[in-house]
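Asker: Quick one: the structure is below, questions incoming.
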Amino acid sequence: MNIKKDFKETDKKIKKADKIFIMGHSNLDLDAIGSSLALYNLYTNKNKDCFLIIDEEKHELAVDKIINELKDEIKILTSKDVLKKITELSLLIIVDTNNSVILQNTDITKRFKNIIVIDHHEENENTIENSLKIINPDFSSTSEMISRYMYEKNLKVDSSTASYLLGGIVLDTNNFVLKTSSNTYLMAYFLTTMGANPLAVEKLMKQDIVEYIRRQKIITNMEIIDNTKALAICPEERIYRREDLAKIADTLLQFDNIEESYVIGNIDTNTVGISARSLGKVNIGEKMQKISGGGNRTEAAAIFKDQNQEEVFNKLISLIK
Ligand SMILES: [Mn+2]
């Protein structure tokens with residue numbers, strides 16, 4: 001976990017930059033927004049002109065709460081407004097994804113001469129090229145990576161930002177269960193020394209009751225296959241966000257004996273998605289590749305355009321049986 005060395009180049013680029021733009025993946029989550037805000041905080045403290053790029057108008061509840069709280073304090077721009085501000089010396093930092101197709105804005109990368117990617121997901125064929133890549137899947141989350149960077153460099157953020165980073169770790173580890181290492185705990189400790197508050201994190205993560213009930217209903221109808229695989233199917237009449245499917249898949253892993261979980265649901269009109277999770281015994285990414293999906297050992301997904309749930313279900317069943 002030699003993140004200090006990795007970030008050395010970053011520090012050089014930061015120094016040279018006239019403006020710093022920070023952007024996460026589409027469907028912002030707590031890890032992406034926590035990481036973004038920590039960098040914003042750190043580099044603003046170094047007198048850098050920083051901006052967050054957020055194009056989406058709808059966010060999940062936790063992200064919404066944070067943005068509402070901070071919208072008067074931090075500079076948030078849509079890509080359209082960013083275009084007018086970019087110069088040769090401007091730097092774009094992409095956090096919590098290295099995938100060029102799931103960004104807040106996929107075109108904007110072409111407008112920057114300097115790009116840094118900070119992420120904990122494995123690289124794939126869509127990985128953003130022509131960038132300085134700080135990618136390390138040994139970390140649970142981007143929030144953990146940035147915390148480690150701060151830890152090594154003896155940098156601090158305010159207590160709210162520390163709470164957001166802790167929130168990113170809590171989200172991506174599913175409460176210190178998945179991908180949790182001794183470093184994850186050390187970073188949680190480090191963040192609490194800055195005033196990160198587990199109660200604030202819990203408050204942030206409080207769910208919308210309607211969505212919760214909707215998810216629980218789907219879980220109630222799950223099927224268990226070969227004792228170790230859980231499969232849930234979302235009602236066909238609704239369109240779900242990918243992270244809703246992921247959340248359900250995460251929940252299914254919490255039950256005794258379950259090693260793999262799969263959730264099928266419509267993610268657009270005529271588009272069906274599968275979200276899949278594994279505790280790690282089975283490489284779920286490799287498995288999903290067989291039905292043209294992708295991912296890593298513990299998290300994977302697949303998207304099927306112009307197919308209905310039944311077709312996708314049949315594909316999945318023949319894969320897992
Ligand atoms: Mn993440």
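The values are calculated or read from the model by the stated rules, or taken from the named source; none is laboratory data. Only a predicted model underlies this, so the values are computations on that prediction, with no experimental measurement involved. Cβ coordinates were reconstructed from backbone atoms using ideal geometry, including for glycine residues, and neighbour counts include every protein chain displayed.
Asker: Just checking, does region 27-40 include any residue being more than 15 Å from the ligand (Cβ to nearest atom) and in the same structural domain as Ile134 (by TED's automatic domain parsing)?
Answerer: Scanning region 27-40, I find at least one residue that is more than 15 Å from the ligand (Cβ to nearest atom) and in the same structural domain as Ile134 (by TED's automatic domain parsing), so the answer is yes.
Asker: I'd like to verify a number: residues in region 120-132 that are more than 16 Å from the ligand (Cβ to nearest atom) and within 20 Å of the chain's Cα centre (by Cα), how many?
Answerer: 5
Asker: I've got another one for you. Out of the residues in region 168-195 that are more than 14 Å from the ligand (Cβ to nearest atom) and assigned to a loop (DSSP other than H, G, I, E, B), state the one that is surrounded by the most Cβ atoms within 10 Å (Cβ to Cβ).
Answerer: Initially, region 168-195 is screened for residues more than 14 Å from the ligand (Cβ to nearest atom), giving 175-177, 181-183, 185-186, 188-195.
Now restrict to residues that are assigned to a loop (DSSP other than H, G, I, E, B): 175-177, 181, 194-195.
Working: Asn175: 12, Phe176: 13, Val177: 11, Ser181: 14, Met194: 19, Gly195: 15.
Checking each candidate, the answer is Met194.
Asker: Within region 148-156, identify whether any single residue is among the aromatic types (Phe, Trp, Tyr), within 16 Å of the ligand (Cβ to nearest atom), surrounded by 13 or more Cβ atoms within 10 Å (Cβ to Cβ) and in contact (Cβ under 8 Å) with a residue 24 or more places away in the chain, and answer yes or no. Talk me through it step by step, then tell me what you get.
Answerer: Narrowing region 148-156 to residues among the aromatic types (Phe, Trp, Tyr): 149, 151.
Filter once more, so that each one left must be within 16 Å of the ligand (Cβ to nearest atom): 149.
Next cut, surrounded by 13 or more Cβ atoms within 10 Å (Cβ to Cβ) only: 149.
Now drop any that are not in contact (Cβ under 8 Å) with a residue 24 or more places away in the chain, which leaves 149.
Yes, region 148-156 contains a residue that is among the aromatic types (Phe, Trp, Tyr), within 16 Å of the ligand (Cβ to nearest atom), surrounded by 13 or more Cβ atoms within 10 Å (Cβ to Cβ) and in contact (Cβ under 8 Å) with a residue 24 or more places away in the chain.
Asker: Looking only at helices (runs of 4 or more DSSP H) that fall completely inside region 30-99, which ones have 1 or more residues that are over 21 Å from the mean Cα position of the chain (by Cα), closer than 19 Å to Lys156 by Cα and without any contact (Cβ under 8 Å) to a residue 12 or more places away in the chain?
Answerer: It comes to 30-45.
Asker: Is it the case that some residue within region 150-160 is within 22 Å of Ile248 (Cα to Cα) and part of a loop (DSSP other than H, G, I, E, B)?
Answerer: no
Asker: Out of the residues in region 104-119 that are modelled with pLDDT of 95 or more and within 15 Å of the ligand (Cβ to nearest atom), state the one that is farthest from Lys84 (Cα to Cα).
Answerer: Asp119
Asker: Quick check on my filter: what residues within region 221-247 are surrounded by fewer than 19 Cβ atoms within 10 Å (Cβ to Cβ), touching a residue at least 24 places away in the same chain (Cβ under 8 Å), among the charged types (D, E, K, R) and out of contact with any strand residue (DSSP E or B) (no Cβ under 8 Å at 6 or more places or on another chain)?
Answerer: Within region 221-247, Asp226, Glu243 meet the criteria.
Asker: Quick check on Ser36: is it of a type in the set (S, T, N, Q) and at pLDDT below 95?
Answerer: So Ser36 fails the test.
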